[in-house]
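For reference, the structure is listed below as structure tokens.
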Amino acid sequence: MTEPLLRIDGLHAGYEGQIVLRDISLDVPEGALITLLGPNGHGKTTLLRCISGLMKPSKGRIEFAGKRIDGLEADKLVARGIVMIPQGDMLFPEMSVYDNLKMGAYLPVARAKFDENVERIYTLLPRLKERTTQLARTLSGGERRMLAIGRGLLSGGRILMFDEPSLGLAPIVIDQIYEVINDLKAQGRTILLVEENADRIIELADRIHLLDTGQIVWAGDGHELDSQQQILETYLGG
Amino acid sequence: MNYFIQIIVSGLTFGAMYALAAVGLALVWGAFNMLNMSHGIIMTLGAYFALLWAEYMGMPLVLAAPFALVCGAVVGVIAYFISAHWMLKQKNFEVTIIIATFGLGMALEAGLLKFLRELFRTAPYSQPLSLGAKSFMVADVPVSYQRLVVWAGAIVLIVLVGLFLSRTTAGRAVRAVAQNRDAARLVGVPVRRIYVMVLALGSGLAAVSGIMLSSFKDVHPLMGGDPMLKAFIVIVLAGLGNITGALYAALLVGMVEAAVKVLIADKYGFAAILILVILALIWKPAGIFGRSTVARQ
């Protein structure tokens, strides 16, 4: 078997003495869509923060493309191809939609292809094109999420990590966002997706990890999860 | 009518100098919540750099301002590496950095007093941006050409800073860091390098505003103290970190100061500014152009 693109091994992390993640291990093979499912406040975002370099794990290792990366600064990791698509609160509020997108292509490699790539983003997320000159803080929740996705895609990246793309959005917007994720999967992009809501990912994910109070309590594919109603009820309340 | 023109002329001059000093301060605060208390001494150093360049090194006067800008930037970088760099991760960075840069400013000031007091006791001097005492008349008020140089210098530099922030990749990165540090890191912005750059830029601007100041005042080691205080007042009045707001606030402060000095008496100028700030902050606690409101815990 080939090496996975991203490997997390025995990871512990926390804030000021409080442990949030315990002994997390998971692999993300190239071209796969792997999800981490779990209720709010159980460490999903913390894991993504560790992988993307916003936070340092207290124990364990993270490898990307065969090289150890835990402890590296976030900006170095983006250059290696790790792109996190955060929730809508991680934009640049006083910049226009266009400038936010341009910031996504901050690194020289991405900047060189910006003009060509931004057109593709506008096709994928037409709403952004209508809003190019608008300040990010004036966008609706759904539009912000789309902007975060567009900005992340413009960074290039070998792995895309989505942080709860459906949180707090209207069903119709969630549909649009999952359509985009579906497209990306079809293009063969490697995706690590964090979600609270099982419905959307059961069909989509190649493998699902269930996170509960900072530990992975179950892993399998969508059909297995679907057939184990008890797991769903215990951990996700149905 | 004459009073009016006199107020406008000196108000614009004060305003231009405060604006330049305040823009540097506001940039640094906006980027990483650092209130740089050594800003004033860097203004003083700017005047001294120009003096050294022109009088002691015999170099062309025209290039003294760029020379001081570069030297000011270097001092800013050094200031970063002996203070902020080691303190950024501290919990109370905003407070501790004030004390650290205050100490740094005092040390530099003491150094200047010790070593350069004798050297430069003859002041004011004919500094690089100086046009001498020549002036022209507007209604019956003489306006020195020197004031035009100060206005033009401030406008050019502020426009350049504005263009840098809005049009260049590095400037956009500065704004990104100011607006959301983690988001900036997630798109690959090397945040610490941006801090160094911003402090260099802010200090370079301080140095140039020091030269402007020296065209009206004596050059001495303590000359930066008063204008730095005014620059602080300007950025607090505008709302911390708001650069455009700082420009308006600088003009307002300059005008109020000039009006009181012309109409009442010189000594009440500063008091008037303080009253203005108190009233403004009662009315809008986050500053005139500040968006957020400040709630007491």
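The values are calculated or read from the model by the stated rules, or taken from the named source; none is laboratory data. Note that this is a predicted model, so its numbers are computed, not measured. Every residue, glycine as well, gets a Cβ built from its backbone with ideal geometry; the counts of neighbours run over all protein chains shown.
Which one of these is within 29 Å of A:P108 (Cα to Cα), part of a helix (DSSP H, G or I), free of Cβ contacts under 8 Å to residues at least 12 places away in the same chain and more than 14 Å from chain A (Cβ to nearest Cβ): B:V159, B:V198? Result of the check over B:V159, B:V198: B:V159.
A count restricted to segment A:53-72 and to residues that are within 14 Å of chain B (Cβ to nearest Cβ) and charged (D, E, K, R) stands at 1. For the residues A:T138, A:T190, A:T213, the requirement of being without any contact (Cβ under 8 Å) to a residue 24 or more places away in the chain, β-branched (V, I, T) and touching a Lys or Arg at 6+ places or on another chain (Cβ under 9 Å) singles out A:T138. Of the residues screened, A:S52 is not one that is over 22 Å from A:E164 (Cα atoms) and of a type in the set (G, A, S). One residue stands out in segment A:73-100 among those that are within 22 Å of A:R189 (Cβ to Cβ), surrounded by fewer than 21 Cβ atoms within 10 Å (Cβ to Cβ) and more than 9 Å from chain B (Cβ to nearest Cβ): the one that is farthest from the chain's Cα centre (by Cα), namely A:R80. Exactly one residue among B:A170, B:A184, B:A206, B:A154 is crowded, with 24+ Cβ neighbours inside 10 Å, part of a helix (DSSP H, G or I) and within 14 Å of chain A (Cβ to nearest Cβ), and that residue is B:A184. Of all the residues in segment A:110-126, those that are part of a helix (DSSP H, G or I), over 21 Å from the mean Cα position of the chain (by Cα) and surrounded by 13 or more Cβ atoms within 10 Å (Cβ to Cβ) number 2. Tell me, which residue of segment A:144-172 that is in a loop (DSSP other than H, G, I, E, B) and within 13 Å of chain B (Cβ to nearest Cβ) is modelled with the highest pLDDT? For segment A:144-172, the residue satisfying everything is A:S155. Within segment A:22-53, the set of residues being under 22 Å from A:I181 (Cβ atoms) and among the aliphatic types (A, V, I, L, M) comprises A:L26, A:V28, A:A32, A:L33, A:I34, A:L36, A:L37, A:L47, A:L48, A:I51. Being over 22 Å from B:R181 (Cβ atoms), at pLDDT below 90 and of a type in the set (V, I, T) holds for only one residue in A:T35, A:T2, and it is A:T2. Would you confirm, using the coordinates I've provided, whether B:A26 is over 25 Å from B:S135 (Cβ atoms) and aliphatic (A, V, I, L, M)? Yes: the conditions hold for B:A26.
Just to be sure, is A:A136 touching a helix residue (DSSP H, G or I) at 6+ places or on another chain (Cβ under 6 Å) and not hydroxyl-bearing (S, T, Y)? Yes; evaluated as a whole, the condition is true for this residue.
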